[in-house]
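Structure, as structure tokens:
The values are calculated or read from the model by the stated rules, or taken from the named source; none is laboratory data. All values reported here derive from a predicted model rather than from experimental measurement. Cβ atoms come from the backbone with ideal geometry, glycine included; neighbour counts cover every protein chain shown. Protein only, heavy atoms only, side chains kept; ligands, DNA and RNA dropped before computing areas. Shrake-Rupley method; radii C 1.70, N 1.55, O 1.52, S 1.80 Å.
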Amino acid sequence: RLTVRLEESLVPEVDAMEADLVVLAVGMVPNAADGEAIRTLHDAQHRAEHGESEVQKEEARKIAEELAHHQGTEILNLDYRQGPDLPVLRYNFPDSHYICFPYETRRTGIYAAGAVRAPMDPGQAVEDAWGAAIKAVQCIEAARRGEAVHPRSGDLGVPEFFLQRCTQCKRCTEECPFGTLNEDADGTPQLNPLRCRHCGICMGACPERIISFPDYSVDAVSSMIKAIEVPEEDEEKPRILALLCENDAYPALDAAAQLGKGWNPWVRVVPVRCLGSVNIVWIADALSRGIDGIVLIGCKYGDDYQCHYIRGSELANTRLGNVQETLDRLALESDRIRLVELAHDEFQRVPEILDEFAEAIGELEPNPYKGF
Ligand code: SF4
Ligand code: SF4
């Protein structure tokens, strides 16, 4: 008998199994084009010709050389600002959420099935095609009603842009994980509503705070934060703001509450669509109101991400990195802000995470901006 050792398995408790026969899928290579690499190549070629300086042109030439093998590999020829094909993962298969929505690619309405999506045999491919076809039918129905596909199924509110104040910084068009936003010749975002998954990541990215939804906006959450009662310094009772992702962390806390679990009473919870929708101004608002600590709990990120909107928690982490520098300059401890990644099998940890963070904040001096 053979012993097969498993790595990166979805079943962590099984690390090896005995087998009489092992059939290996060999020679199966993805034939998807890398849409984002093609876009980067085209941008580099343009800069190599029209760059503002010789240094910029030289750098662009190097990038173009490295990516030259993507030249002419387009298959789908999509009209997307972020590239003409599907974004791909490490092994060049189309990117998708491997746990919750394996068939959905990052281009709404395009569903990958069979060996296009992952190595598999004909029987699995047939089953896969059924799953993708059902998803496509749901998508057509949702589009007919103007609704989002899941995880916000049924939602009708697309983002609105107050473009008079847009500075064409392109953060929203670059950070939207679904390529929803194209740009006009000046770099102003152009919304394609049927591609939108309503995640709010563009709202979190916009430094001008001019993106909002009918029922979710920077002002609405700012008002919620401003309405939190903050104890005075002499009450020796810190106040903690917890921004929880509505897809995983918030339902986990809800389930814990239903099971009778408690957590530190200093914590006030505000659910958010995705940590990627967190606009940095909320952090500034909370600190300037005297809130002592802010914890953000979202989905795991990285190559094997579990974020329902692909890069939301990773983007939040990058943005918070910039805030930490500001905190240092203001002489506020960087420990006052913490982002926690929650894996899908760690649901029960949310009350513990809140308790641990409250304990750490309890050891710090009160926020010196209290009362201002
Ligand atoms: S809400 Fe999400 S999917 Fe829609 S435009 Fe903004 S970032 Fe893109
Ligand atoms: S992030 Fe805001 S300011 Fe920047 S391009 Fe988008 S809408 Fe305009």
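Couple of notes before you dig in:
- Residue, modelled with the highest pLDDT, within region 1-32, restricted to residues that are within 23 Å of Gly114 (Cβ to Cβ), surrounded by 10 or more Cβ atoms within 10 Å (Cβ to Cβ) and touching a strand residue (DSSP E or B) at 6+ places or on another chain (Cβ under 8 Å): Ala32
- Complete set of residues in region 177-194 that are within 10 Å of ligand 1 (Cβ to nearest atom) and either polar (S, T, N, Q) or open to solvent by 40 Å² or more (accessible area, probe 1.4 Å) (or both): Thr180, Leu191, Asn192, Pro193
- Residue match in region 106-119 (condition: part of a helix (DSSP H, G or I) and under 25 Å from Arg47 (Cβ atoms)): no
For every residue, the table says whether it meets (1) closer than 19 Å to Ser217 by Cβ; (2) within 14 Å of ligand 1 (Cβ to nearest atom); (3) not in a loop (DSSP other than H, G, I, E, B).
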residue	(1), (2), (3)
Gly131	no, no, yes
Lys135	no, no, yes
Gln138	no, no, yes
Glu141	no, no, yes
Val149	no, yes, no
Arg152	yes, yes, no
Leu156	yes, yes, no
Gln164	yes, no, yes
Gln168	no, no, no
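Here's the yes/no breakdown for (1) over 23 Å from the mean Cα position of the chain (by Cα); (2) surrounded by 14 or more Cβ atoms within 10 Å (Cβ to Cβ); (3) under 26 Å from Cys299 (Cβ atoms); (4) touching a residue at least 60 places away in the same chain (Cβ under 8 Å):
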residue	(1), (2), (3), (4)
Arg329	yes, no, no, no
Ala343	no, no, yes, no
Gln348	no, no, yes, yes
Glu363	yes, no, no, no
Pro366	yes, yes, no, yes
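- Of all the residues in region 316-372, those that are of a type in the set (A, V, I, L, M) and part of a helix (DSSP H, G or I) number 10.
- Search result, residues across region 196-209 that are surrounded by 21 or more Cβ atoms within 10 Å (Cβ to Cβ) and either in a loop (DSSP other than H, G, I, E, B) or basic (Lys, Arg) (or both): Cys196, Arg197, His198, Cys199, Gly200, Cys206
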